[in-house]
Amino acid sequence: MKHYSYDEWLRYVKDDFSNKNREELESHLYTCDQCLEQYLQAITEHESSLPVLSNETSFTDLVMAEVSKQKEDVEKPAAVKQSVKTKKPFYQQASFHYLIAAAATLLLTFSGVFQSLATYASAVEAPQNSKEKKLTVTEGVIDKTFAWMDSLEKKEANKK
């Protein structure tokens, strides 16, 4: 980061820079604490040469009035934009979209698509109900284990 010298900050305080250089120095002040310290020292040393405000209260009021005026100017175009309604094309309006959705629903209803979907859904569900319940892996292992244990018991009973 490039730092500016104390002499450059003095020139800035005395307004000896072009607008481009002033903007560079001002933007640098936002990011550099070291240069901000030097700038504040330059202002403190040359405070006597800076203009004195005769009435600080009226100056503050004038500044605040200008800020309010500029704020209103910035906000006015947005308000003007809202008050002037631009007509959207018909295909971008919500009523057009609702009309298309209603027409599609009626078309699908009267063509029998929804009925065939219902028939298909019941056909998919029906085989699951009629088939035997499939055993899970755990249940299969348990059944095989009990069958094996039963066969062992029968062998023991036959030996005796």
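The values are calculated or read from the model by the stated rules, or taken from the named source; none is laboratory data. On a predicted model such as this, the values are computed, not experimentally measured, just so you know. Quick reminder, even Gly has a Cβ in these numbers, built from the backbone with ideal geometry, and neighbours come from all protein chains shown.
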Next on the checklist: Every residue in the stretch 21-53 that is among the hydroxyl-bearing types (Ser, Thr, Tyr) and in a helix (DSSP H, G or I), please.
Outcome noted: Ser27, Tyr39, Thr44, Ser48, Ser49
Next on the checklist: Can you tell me which of (1) surrounded by 10 or more Cβ atoms within 10 Å (Cβ to Cβ); (2) modelled with pLDDT under 85 is the one Asn129 doesn't meet?
Outcome noted: (1)
Checklist entry - Across the stretch 7-20, what is the number of residues that are surrounded by 14 or more Cβ atoms within 10 Å (Cβ to Cβ) and assigned to a helix (DSSP H, G or I)? => result 6
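Each row is one residue, and each column tells you yes or no for (1) surrounded by fewer than 10 Cβ atoms within 10 Å (Cβ to Cβ); (2) at pLDDT 85 or above; (3) of a type in the set (S, T, N, Q).
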| position | (1), (2), (3) |
| --- | --- |
| Leu29 | no, yes, no |
| Leu40 | no, yes, no |
| Asn55 | yes, no, yes |
| Ala65 | no, yes, no |
| Ala104 | no, yes, no |
| Ala123 | yes, no, no |
